């Protein structure tokens, strides 16, 4: 079989997994900027991909965040477009790691749901909460698939060298940006949307395992659940309203899961805390620029005794990609608790975690006093990621679940 791979993660994964592949171009109009005419944007993507796939046929297209969802002109349906993968008769597998509104790139809810009804379009969500949402809105072929580390990380020889505590440049580091402007000075937000999000967040404080879906439809009943009896129009309206109401909640999760920890780490640790990334001035915190080049980025994890991993607002139950990048590079990860963390790493043996600010500082003090323990955990975490959590492992899972039978997959 041959895979059509959209993006460097999937081309590298296909190569490492021993799958013949062809690289497909990423969207003409990149995320997250909404498009003036998102249907026309998808049509341009579809035409570009079709020209390649006509010369080099594939059995499966794999992408991230719907980047391989292309349209082709059609007069045979109400939307006026056909799905590229259906027209050429192959399966499409999309790995969703961003909010649905971002992945949709401005597509109207009715168009997005009509496309999502394709059973040959597999939607692999990195977060169990997102899986639940999609299935509730009647979307077929939805599966769970965690994020992973790019395979190319393992090809850097230096990541396999033992860590030396004497050469650690920093005590505590966080690498990442402050990515939400929802609370900016020019923001004007609907009060009813804020109320819904605030109440959902309040429920999460009391029940940490709860999700926005649980609060919205279950605990508070802000709307009627989608059902199989709903018309396409009603379902699209429910979907659009749900996504709009969720915006404030997602922004608030950025604060709850990332911004507040960065602020308190900077305040309490001072020069012992090192922050790399952009836009932190918006919450009054100084940061150094992000690293230029992958090697410098990976070496940074190895130069810090403790690498803090904080999830972003896109994540309700799962882990972000940085968890796998830190461990693949051989760094020690102290991770904010997430419900799926224990499914992916042995906590206390392959990484460590914290549930609140007091526990965070207790763990920092412990590992600063016991650096050899941190390095032992880092070694075990790296072994786990390189053994199970690379994108080549994920593409093997996709091939298996979609049911495309390759002639062989290299070991």
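At a glance:
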item: Ranked list, fewest to most other Cβ atoms within 10 Å of each Cβ, for 47, 104; result: 47, 104
item: Candidate values [x] 67; [y] 52; [z] 57, label of the one derived for percent of Cα pairs over 26 Å apart; result: [z]
item: Tilt relative to the chain, helix 38-55 - C-alpha long axis, 0 to 90 degrees, to 10; result: 90
item: Euclidean distance of C-alpha centroids, the range 217-239 and the range 241-294, integer Å; result: 34
item: Most mobile of 288, 179, 115 in a GNM of the chain (Cα contacts under 10 Å); result: 288
item: Residue-span extension gain [residue 54 to residue 8] - 0.36 nm each, minus C-alpha spacing; result: 14.4 nm
item: Mean projected area (nm²) of the alpha-carbon convex hull when the range 158-388 is viewed from all directions; result: 14.6
item: Candidates 290, 74, 118, ranked by Gaussian network fluctuation over the chain, Cα under 10 Å, top entry; result: 74
item: Packing-based exposure ordering (other Cβ within 10 Å, fewest first) of 2, 42; result: 2, 42
item: Contour excess over end-to-end distance, with Cα ends at residue 169 and residue 219 and 0.36 nm allotted per residue; result: 13.2 nm
item: Nitroxide proxy distance, nm - points 7 Å out along Cα→Cβ at residue 237 and residue 291; result: 5.2
item: Degrees separating the helix 391-402 axis from the principal Cα axis of the chain, which is the longest one; result: 30
item: Neighbour-count ranking [beta-carbon atoms within 10 angstrom, fewest first] of 169, 67; result: 169, 67
item: Rounded to 10°, Cα long-axis angle of helix 357-369 versus longest principal axis of the chain; result: 50
item: Between the range 358-399 and the range 117-190, the alpha-carbon center distance in angstrom; result: 15
item: Convex hull volume of the range 327-372 per residue (C-alpha atoms, cubic angstrom); result: 71
item: Beta bridge orientation in the chain: antiparallel %, DSSP, nearest 5; result: 10
item: Förster radius 22 Å - calculated FRET efficiency between residue 282 and residue 189 (Cβ-Cβ, nearest 0.05); result: 0.85
item: Residue-averaged [θ]222 nm for the chain, counting only DSSP H segments that reach four residues, each worth -39500 (n - 2.57); result: -12500 deg cm²/dmol
item: Net lengthening on full extension, residue 160/residue 117 (0.36 nm per residue, minus Cα-Cα); result: 11.0 nm
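Since every read-out is calculated from the coordinates, none of them should be taken as a lab result. On a predicted model such as this, the values are computed, not experimentally measured, just so you know. Quick reminder, even Gly has a Cβ in these numbers, built from the backbone with ideal geometry, and neighbours come from all protein chains shown.
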